[in-house]
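A.B. asks: There's a structure below that I have some questions on.
The values are calculated or read from the model by the stated rules, or taken from the named source; none is laboratory data. Not measured: the values here are computed from a predicted model. With ideal geometry, Cβ positions are generated from the backbone for all residues, glycine too; neighbour counts draw on all protein chains shown. Heads up: the accessible areas ignore ligands, DNA and RNA and are worked out on the full protein's heavy atoms, side chains in. Shrake-Rupley method; radii C 1.70, N 1.55, O 1.52, S 1.80 Å.
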Number of protein chains: 2
Amino acid sequence: MCQTAEVDRDLLDLPVLFLGAARALIDGIDAGVRARGFTEVRPAHGFAFALLSHGGATTVELAHHLDITKQAASQMIEDLVGRGYVERRPHPDDARARLIVLTDKGWACTRAAEEAADEILRPWADALGTERLAALRADLSRLAVPGRLRPIW
Amino acid sequence: MCQTAEVDRDLLDLPVLFLGAARALIDGIDAGVRARGFTEVRPAHGFAFALLSHGGATTVELAHHLDITKQAASQMIEDLVGRGYVERRPHPDDARARLIVLTDKGWACTRAAEEAADEILRPWADALGTERLAALRADLSRLAVPGRLRPIW
DNA sequence: TCCAGTTGGTCAGGCTACTTGACTACATAG
DNA sequence: CTATGTAGTCAAGTAGCCTGACCAACTGGA
């Protein structure tokens, strides 16, 4: 069976469309989070919170999740500790490691982000119809996209 | 008529999926471009080339396209001129402005990026089916995403 | 035709989120 | 007990962006 000889020319703007969609969502959520009073957090912090909301994580786990060095992750954590969004606890299994967990403020910020995401996505659902948006999500998740998050360039 | 009360919980990972898809495409294209011998260019340059490939542009037009300041655009152009990807020409209509155009090397790099994009998208087309991928593209383009490109954060 | 305000571009300096490299403390395998 | 590996921090450097100041050229109105 012969594979597709060439990808349809129209598809070449997919990178732009994906980047635009990602930016629209992330910027919108960021704006919503700021509007809810959390003016010190960047979008990257949101992706960090998403990891930490599942029982906490270590510095290196966060670094891996965000695809940055452990030093950079350590700096981000230091910053977030200073602003009261997370705290360092001794790790139950490893005296070298520390378990980074969300504080109440961190949880509040995470909930604000979810509300904001909901707000941004509603017009998308209205524009496309819920079933098409769900289909889009299903297709995306089938593309086996790597789970690591990182700024684009 | 009552709008959707709440967005489906599953949809909340759309930001991650979009960002992942954008990253997968952009990283893949970047790797393909490097593999073809253009090791000095960043993904942002690709988006610059995409604009310049339509008859050239001025510094401020490029700045607007990339959503950066004109100073940053000027620095990028200076860098690309030094590496031989673009050149500055006097602007036909405005003595203040300069028309930035691709050199032969710039065009070669642009073609390499298109080949790389094709290469990356083919497995996607195979995984989803061409009609489904085309539908996905159509949906995305209906979302009226802003045309300005920029790093994510 | 002149002048005021606008616009295209550069120069200079600064900021910030990252990087690499070196190091300590603790863990784990032999 | 020792050798190697891993979690985290400290220190210094860097790349790509920013703001502010400036000059030259365009534009519109009196």
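A.B. asks: Could you tell me whether any residue of region A:53-65 is open to solvent by less than 50 Å² (accessible area, probe 1.4 Å), closer than 30 Å to B:Leu128 by Cα and within 14 Å of another protein chain (Cβ to nearest Cβ)?
C.D. replies: Looking through region A:53-65, at least one residue is open to solvent by less than 50 Å² (accessible area, probe 1.4 Å), closer than 30 Å to B:Leu128 by Cα and within 14 Å of another protein chain (Cβ to nearest Cβ).
A.B. asks: Oh, and also: From (1) free of Cβ contacts under 8 Å to residues at least 60 places away in the same chain; (2) in contact with a Leu (Cβ under 6 Å, 6 or more places away or on another chain), pick out the condition that doesn't hold for B:Lys105.
C.D. replies: (2)
A.B. asks: So, in region B:46-79, exactly how many residues are of a type outside the set (A, V, I, L, M, F, W, C) and in contact with a Phe, Trp or Tyr (Cβ under 7 Å, 6 or more places away or on another chain)?
C.D. replies: Total meeting the criteria: 0.
A.B. asks: Follow-up question, since we're still on this one. Report yes if some residue within region A:1-13 is modelled with pLDDT of 95 or more and among the aliphatic types (A, V, I, L, M); otherwise report no.
C.D. replies: no
A.B. asks: For region B:98-117, state whether one or more residues are within 11 Å of DNA strand C (Cβ to nearest atom), within 14 Å of chain A (Cβ to nearest Cβ) and within 26 Å of A:Arg23 (Cα to Cα).
C.D. replies: No, region B:98-117 contains no residue that is within 11 Å of DNA strand C (Cβ to nearest atom), within 14 Å of chain A (Cβ to nearest Cβ) and within 26 Å of A:Arg23 (Cα to Cα).
A.B. asks: With B:Asp13, B:Asp27 as the choices, which residue is within 30 Å of A:Ala48 (Cα to Cα) and within 16 Å of DNA strand D (Cβ to nearest atom)?
C.D. replies: B:Asp27
A.B. asks: For region B:68-91: of the residues being more than 20 Å from the chain's Cα centre (by Cα) and within 10 Å of DNA strand D (Cβ to nearest atom), which is farthest from the other protein chains (Cβ to nearest Cβ)?
C.D. replies: This residue is B:Pro90.
A.B. asks: Continuing with this model, one more query. Go through region A:84-104 and report how many residues are surrounded by 14 or more Cβ atoms within 10 Å (Cβ to Cβ) and over 17 Å from A:Leu51 (Cβ atoms).
C.D. replies: So the count comes out to 0.
A.B. asks: Quick check, is B:Asp126 open to solvent by 80 Å² or more (accessible area, probe 1.4 Å) and either more than 9 Å from chain A (Cβ to nearest Cβ) or at pLDDT below 95 (or both)?
C.D. replies: The answer is no for B:Asp126.
A.B. asks: State yes or no: is B:Thr59 hydroxyl-bearing (Ser, Thr, Tyr) and more than 13 Å from DNA strand C (Cβ to nearest atom)?
C.D. replies: No; evaluated as a whole, the condition is false for this residue.
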